[in-house]
Structure formats: structure tokens, C-alpha cells
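To start, the structure under review is shown below, and the notes come after it.
The values are calculated or read from the model by the stated rules, or taken from the named source; none is laboratory data. Given the structure is predicted, the values throughout are model-derived calculations rather than measurements. Counting neighbours? That spans all protein chains shown, and the Cβs are built from the backbone with ideal geometry, glycine included. These accessible areas exclude ligands, DNA and RNA; they are computed on the full protein's heavy atoms, side chains included. Shrake-Rupley method; radii C 1.70, N 1.55, O 1.52, S 1.80 Å.
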Amino acid sequence: TGLGNCTATLLDTRDEPERPGTPAYVLTAGHCIELTNGNIVTDRPVNGTLTFNYFTDSTAFKTYPLKTTTWRSIQGVDMAIVELDVSLQKLIENGIQPLKLAREKPADGTDVLIVGAPYGFDQNTLRMSACALQPAQEIVEGAWVWRNTFMTRCQDVRGGGSGSPLLDRASNGIVGVIGTGNFDES
């Protein structure tokens, strides 16, 4: 988007029976879409693109346009759901696999993975870090306050990693979205 680069995750919203033309939605951090505070954005057009297959050993990146900010907030929670201008079925046909949301809140100490693409780093493609969830109180950063959060000590959570999925290592279910980090002093 115009705000820079972030990471997002394709959501598995398939149901039975699967319908053709099911919209494709991605989950990311709310501040990746816009920075207004104190409001929830719904059903607003958004400009930008999302690139899949963003692996170091691949040149077969696949880029699709964003369509609509379905829901976004950075007050209390830093999260957004964005519709792509392509169907979920078309993405799956193109070899892109969506991930399911976890059904339960994970316990402290749960082994997790963070998969994101930090920008302006020695490697701009996807990276993965493994660590464990830790309890966290509310997080305050500038004008923003986020509640009901997790904390990790995963490495390499840097700019561009915002919006990265926090995955339960045992199930690959999405348990959270990266909203901030404290790798550098600023």
C-alpha cells in the first residue's frame, strides 16, 4: 500500500460445499492499511498489491491487486481484513495455500512460528522464526494502545514484518498478527 511494505496471510474461508467465486481475504496489521486512530474502517476501497510465493529461491512471485478493506482498526487491536481482487479458488489453482484461524486461544508457552518479509533487511523475502508465546499486558506505542495481546522473543521481527501471522507450531492455525516489535531502540 502507500504506507510501505507489510506481510499478510491468505485466510482459508472455504466452506462445504465450496462455491465458485469465493472472495479471497488476507489478514494483516491495521496500520499497514492506514494510520487513523479511534475509528474502525469497513468496506473501503484500497490501493496496493499482495505478492505470494515470496521465497528466496523463487522467481515465480505472483502479485494480485487489493480490492477492499473489509475491516480495519488500530485502536485496541492492530488488525485488518482485506479482500483481494481475485477469487480464493483462483489463488488455490495457482498453488497458493490459505491458512485457517485457530479455534482457541493458545496457552502461554505454546510454540509458535512467525513468517514474515522484513523490508530493507539483508533478505527481503520470507523469513521464519520459532519461539514461545509469553503473557503480555497492554502494549502502548505512540498514540496506540493494544489489549489482549501476546508477546514473543522471536528474532527478526522488523519493519515489513508487521501483519505477519503468528502460527501455532503444532497446527499451523493463525493465533495472532504481528503489530510491532522492539528489535531496535527507536
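Annotations
- Taking a straight line from the alpha carbon of K105, not one of the lysines sits under 18 Å away once near neighbours fewer than eight places off in the same chain are left out.
- Against the criterion of solvent-accessible heavy-atom surface with a 1.4 angstrom probe, R153, R14 sort, most first, into R153, R14.
- Of the GluC sites (Glu not before Pro) found in the range 4-104, the ones in coil according to DSSP and having at most 11 other Cβ atoms within 10 Å of their Cβ are E18, E104.
- Averaging the sequence gap over all C-alpha pairs within less than 8 Å and six or more residues apart, then dividing by the number of residues, gives the chain a relative contact order of 25 percent.
- Note on I74: accessible area is roughly 0 Å² with a 1.4 Å probe, heavy atoms of protein only.
- Gyration tensor verdict on the range 5-57 (Cα atoms; rounded if a/c is under 1.5, prolate if a/b is larger than b/c, oblate otherwise): oblate
- Residue-averaged 222 nm ellipticity for the chain, from DSSP H runs of 4+ at -39500 (n - 2.57), nearest 500: -500 deg cm²/dmol
- Within the full protein context, the accessible area of W144 is estimated at about 60 Å² for a probe radius of 1.4 Å.
- Test item: Cα-centred dipole of the chain, Lys/Arg +1 and Asp/Glu -1 on Cβ, debye: 220 debye
- Stretch gain in nm, segment V145-L126, where the contour uses 0.36 nm per residue and the Cα spacing is subtracted: 4.0 nm
- Computed from the Cα positions only, the extents of the chain along the three principal axes stand at 44, 36, 35 Å, in decreasing order.
- Each peptide in 130-139, 109-118, 24-33 was scored by the mean count of other Cβ atoms within 10 Å over its residues; highest first, the order is 24-33, 109-118, 130-139.
- Net charge of neighbours whose Cβ lies under 15 Å from the Cβ of S171, counting Lys and Arg as +1 and Asp and Glu as -1: 0
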